[in-house]
There are 4 protein chains.
Amino acid sequence: MQIDLNCDMGESSNPNPITSDDEIMPLVTSANIACGFHAGNPMVMARTVQLAAQHGISIGAHPSYPDRVGFGRRVLEATPDEVKNDVLYQIGALAAFARANGVALTHVKPHGALYNVAAIRQTIAVAIARAVAAFDPELGLVGLPNSEMEKAARELGLRFIPEGFADRAYNRDGSLRSRREPGSVFDDPRRAAEQALQIVHRRTVTTLEGETIPLDIQTLCVHGDSPAALGVLQAVHEALEKDGAAILPFSNAKKQAQNLSISFPRPPTSI
Amino acid sequence: MQIDLNCDMGESSNPNPITSDDEIMPLVTSANIACGFHAGNPMVMARTVQLAAQHGISIGAHPSYPDRVGFGRRVLEATPDEVKNDVLYQIGALAAFARANGVALTHVKPHGALYNVAAIRQTIAVAIARAVAAFDPELGLVGLPNSEMEKAARELGLRFIPEGFADRAYNRDGSLRSRREPGSVFDDPRRAAEQALQIVHRRTVTTLEGETIPLDIQTLCVHGDSPAALGVLQAVHEALEKDGAAILPFSNAKKQAQNLSISFPRPPTSI
Amino acid sequence: MQIDLNCDMGESSNPNPITSDDEIMPLVTSANIACGFHAGNPMVMARTVQLAAQHGISIGAHPSYPDRVGFGRRVLEATPDEVKNDVLYQIGALAAFARANGVALTHVKPHGALYNVAAIRQTIAVAIARAVAAFDPELGLVGLPNSEMEKAARELGLRFIPEGFADRAYNRDGSLRSRREPGSVFDDPRRAAEQALQIVHRRTVTTLEGETIPLDIQTLCVHGDSPAALGVLQAVHEALEKDGAAILPFSNAKKQAQNLSISFPRPPTSI
Amino acid sequence: MQIDLNCDMGESSNPNPITSDDEIMPLVTSANIACGFHAGNPMVMARTVQLAAQHGISIGAHPSYPDRVGFGRRVLEATPDEVKNDVLYQIGALAAFARANGVALTHVKPHGALYNVAAIRQTIAVAIARAVAAFDPELGLVGLPNSEMEKAARELGLRFIPEGFADRAYNRDGSLRSRREPGSVFDDPRRAAEQALQIVHRRTVTTLEGETIPLDIQTLCVHGDSPAALGVLQAVHEALEKDGAAILPFSNAKKQAQNLSISFPRPPTSI
């Protein structure tokens, strides 16, 4: 039982940010770092990437629609070409900070409205996947399981990393309940911890209406942008550890798999 | 007699840009492409990089202070750390488009006020050079000859490419006459062509006051952001060709030098 | 036969704009001035408002979704509250420049995607109308005839000014053909002039498919943001004048009406 | 002994702001509200203006250089014309929200670097004063006593409101110690309360070096953008009340003066 814990980070903009990134970092295994379109800026990105590199955490780009005022949570009717180029721009910008710290990006996870649109709209999912493939086909693409994003990633030969949420309510079709609806975000650490355990352990999640649906994921997201974030993350982390789950970066799993394939050479294709 | 011709490109923002980039591209050997801070945006960057790649032209980042309203022409009292991270961000963003086109960046040329400040202020020059070195120490840094930028580049082991201007008036200390002063920008193609010939041929330039000063450069800039730009560039290009100058990218010179060092192996260090 | 000619102005951003605003201004009777969200900035707004004031032209705010990169042509899923406050902000900003020039705003015309969404979505139309009414209930609201914007204006007691387009193709339901479709924008001055005459004279317009539909408007828009703009506007202006149409600001018509009501006092309500 | 307490407000940008504006509002008599250039946005402005109007607090515009990334704390070499138009734009935008709430702006207080530059540079101080006068000559202009801003306000016939700081260290020339220097901002509520009492009561302030200098002000600023802000403000408020100071808006003082001049009519100019 192995799970990656990811958190969206570097999402403050103010020079005196009141965030908990310093305390969150040691508790996660992957950081999705804002690239300046919905939040963040070069100074915040530099500091957040450095912090993640110091903690040995997997670093991913967290690109968004260009909508700082709306924190990237509003759908923008951008064309697939616009989305592709917006994502490429943001991956490149973040990758420069990784490079300056001697590390490489491991993944890309779209933010907010872009994440949600990419789950259901094929053209946008493909546009994102193309940007990722054009930049580096070794990058993983994080998204909703069974989504258009998963299909697009697979079509383009990218590694897809299905994601679950410890602190968000699910609809019966496996989509996330909209933030605008009551009860969609869990502030209660215990509740989030329970959902995390269920997802990791039983590969299911239970909707607000009480229906239990299958959910097979490789990374678990805990949000970092609410005052309750740190408490929720601590509770989830503790519950998973107590339960014996191995909290490891998905990129690690990949490396182990690669090492495996190296030490266990393929059988000869012909005699 | 060999010279690189460079032009600042991708400096429009409007979706229906009225620029001459398409016509300028075949006449230059290096393109400095705006990175979205003073001008440009992901769509314009994608198109401009693709155009440059198709023409086999050297592609450089053209980073700026974050000042779109002022077109990057206003000094901003940013700290060296802020400048370093702003430049790193912009290089990375542009490099992503180069990568998507299967080419690599060859150089970085700061824009406008940042270029001018870096010529005279050591801390800012070093900040820019550090950003370039952190991203890729093989990148050339384009700037005013004998400037703080030249010193910073050399200190950090970067290749420095001294730049001259065909269409700008010089002060007697080798600095550029401020755009706010009359006569600082030449709109007359013939005048620009004459100055280009003088710079390339005689390694000197003559100030508005009539004083001739030495000017030793490897790349010659012709601006692309005025209605007169194309005419000026055509006149400069024609004059240089007629005069027998080899219009070649500076990066080419470098590769030739590298090839040279490969085909003429070093003598053994010991007998 | 009286008609107002309006044009969207101040839509450049560059400090050295290559636009025809100076030549367009004398040919129109109303200027819709960009407020910095899709185009324009304080310097451009100051200059454009001053120019309009000098020519005695009606000045209107031309608010947009906050989308400079997309020139305000992309739909953004903003809430009605967000739209209301975005519009209020932009009207206020532009009104400050009018006030500094001793004139008052006469109208508001939403830009691009906001205009199109307000034509068909009631909540957004009402949000815009509320912003206008909150700022000044005397302001006119310019929009598509028979649209949700017309309904919203009337419900809130605002003067609605139905608008037609000389240089855009119409669909049979009276909506504008999308800019993404071929043939949607007329670059041919003669074609635009003919459509202008038909609209003003016969109160109809003919679709690309050849169907003639009724179109009853008080202001006619000619776009100013294409290279062909000035030629189109000149052709339209000349054709209307030759035809004997009175090219007058709609706000003038209003004043005449007011003067009328003053000089012809109401009959006593009782004897 | 009467004093106005002012605070910079609406300086968050995030849709889920972690600020104390709701708790600060009842404790101050004037709110300087960010206008979107260094912080704030239409939604935040709408909410902050409404909150201030509900509490009957004086509302002022808090314009800045266009520098969101640097929170308006970095000097930008903008021309006086650019500054004038930036300030005019921001006053107008905020005034629209005041108007929508049935109240009027009472004052303008420049933010951060613009405030500091206006204290010492005549051209910038005059540019700001011109913007204020062009919008409404009845608006007060808040700034450092004995500064260029004071001179500019008086020259243009504007009411100048000299400002002191409860939580900032002073230099011996009456300027503020730079935020980059240690000890420049007081986080200790008791220290701020003591300085407030000294300023209001004795019309002096004591520098970090122990020198006591005269300081004659009409409004006292307590900052709202640090985690310590609320505690500092509460301590200052309590100390002033306990000491018998009348905490009243400066605009009130003005109205009382006006009322006075009305109830005590001028003597007839001739017999």
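Quick one: in the range B:207-245, of everything that is free of Cβ contacts under 8 Å to residues at least 40 places away in the same chain and outside any strand (DSSP E or B), which residue is nearest to B:M9 (Cα to Cα)?
So the residue we want is B:P227.
Condition check: more than 14 Å from chain A (Cβ to nearest Cβ) and surrounded by 24 or more Cβ atoms within 10 Å (Cβ to Cβ). Does B:H38 satisfy that?
Judged against the criteria, B:H38 is a match.
Just need a number here: residues in the range C:99-112 that are within 14 Å of the chain's Cα centre (by Cα) and within 13 Å of another protein chain (Cβ to nearest Cβ).
Filtering the range C:99-112 down to residues within 14 Å of the chain's Cα centre (by Cα) leaves C:105-112.
Then drop every residue that is not within 13 Å of another protein chain (Cβ to nearest Cβ), which leaves C:105, C:108, C:112.
Count: 3.
Test each condition in (1) outside any strand (DSSP E or B); (2) under 14 Å from the mean Cα position of the chain (by Cα); (3) under 19 Å from C:Y89 (Cβ atoms) for D:A95 and report the one that comes out false.
It fails just one condition, (2).
Looking at C:L176, C:L144, C:L248, can you tell me which residue is aliphatic (A, V, I, L, M), in contact (Cβ under 8 Å) with a residue 12 or more places away in the chain and open to solvent by 40 Å² or more (accessible area, probe 1.4 Å)?
Checking each option against the conditions leaves just C:L248.
Need pairs with beta-carbon distance below 9 Å; first residue farther than 23 Å from B:H201 by Cα and in contact (Cβ under 8 Å) with a residue 24 or more places away in the chain and within the range B:152-166, second of a type in the set (F, W, Y) and assigned to a strand (DSSP E or B); sequence gap 6+ or separate chains.
B:A152/B:F160; B:A153/B:F160
I'd like to verify a number: residues in the range A:71-108 that are on the phi < 0 side of the Ramachandran plot and surrounded by fewer than 24 Cβ atoms within 10 Å (Cβ to Cβ), how many?
Within the range A:71-108, residues that are on the phi < 0 side of the Ramachandran plot and surrounded by fewer than 24 Cβ atoms within 10 Å (Cβ to Cβ) number 14.
Can we say C:V142 is within 14 Å of chain D (Cβ to nearest Cβ), within 15 Å of C:P63 (Cα to Cα), outside any loop (DSSP other than H, G, I, E, B) and not acidic (D, E)?
Here the answer is no, as C:V142 does not meet what is asked.
All but one of (1) without any contact (Cβ under 8 Å) to a residue 24 or more places away in the chain; (2) within 10 Å of chain C (Cβ to nearest Cβ); (3) farther than 23 Å from D:P249 by Cα hold for D:V69; which doesn't?
Tallying (1) without any contact (Cβ under 8 Å) to a residue 24 or more places away in the chain; (2) within 10 Å of chain C (Cβ to nearest Cβ); (3) farther than 23 Å from D:P249 by Cα, D:V69 fails exactly one: (2).
Are any of the residues in the range D:159-173 in a helix (DSSP H, G or I) and either modelled with pLDDT of 95 or more or open to solvent by 10 Å² or more (accessible area, probe 1.4 Å) (or both)?
Keep residues of the range D:159-173 that are in a helix (DSSP H, G or I), which gives none.
Within the range D:159-173 (the criterion being in a helix (DSSP H, G or I) and either modelled with pLDDT of 95 or more or open to solvent by 10 Å² or more (accessible area, probe 1.4 Å) (or both)), the answer is no, since none of the residues qualifies.
Exactly one condition in (1) more than 7 Å from every other protein chain (Cβ to nearest Cβ); (2) over 30 Å from C:E82 (Cα atoms) is not met by D:A131; state its number.
(2)
A:A61: assigned to a helix (DSSP H, G or I), open to solvent by less than 10 Å² (accessible area, probe 1.4 Å) and more than 9 Å from chain B (Cβ to nearest Cβ), yes or no?
no
So B:S12 fits all but one of (1) open to solvent by 10 Å² or more (accessible area, probe 1.4 Å); (2) under 27 Å from B:V126 (Cα atoms); what number is the exception?
B:S12 satisfies every listed condition except (2).
Among the residues of the range A:81-93, what is the count of those that are more than 7 Å from chain B (Cβ to nearest Cβ) and in contact with a Cys (Cβ under 6 Å, 6 or more places away or on another chain)?
So the answer is 1.
Just the residues that are away from every other protein chain (no Cβ under 14 Å), open to solvent by 30 Å² or more (accessible area, probe 1.4 Å) and within 15 Å of the chain's Cα centre (by Cα), please, taken from the range C:217-237.
C:Q218 - this is the single residue of the range C:217-237 that is away from every other protein chain (no Cβ under 14 Å), open to solvent by 30 Å² or more (accessible area, probe 1.4 Å) and within 15 Å of the chain's Cα centre (by Cα).
The values are calculated or read from the model by the stated rules, or taken from the named source; none is laboratory data. Keep in mind it's a predicted model, so treat the numbers as computed, not measured. Backbone-built Cβ (ideal geometry, glycine too); neighbour counts: all protein chains shown. What goes into the accessible areas is simple: the full protein's heavy atoms, side chains included, and nothing from ligands, DNA or RNA. Shrake-Rupley method; radii C 1.70, N 1.55, O 1.52, S 1.80 Å.
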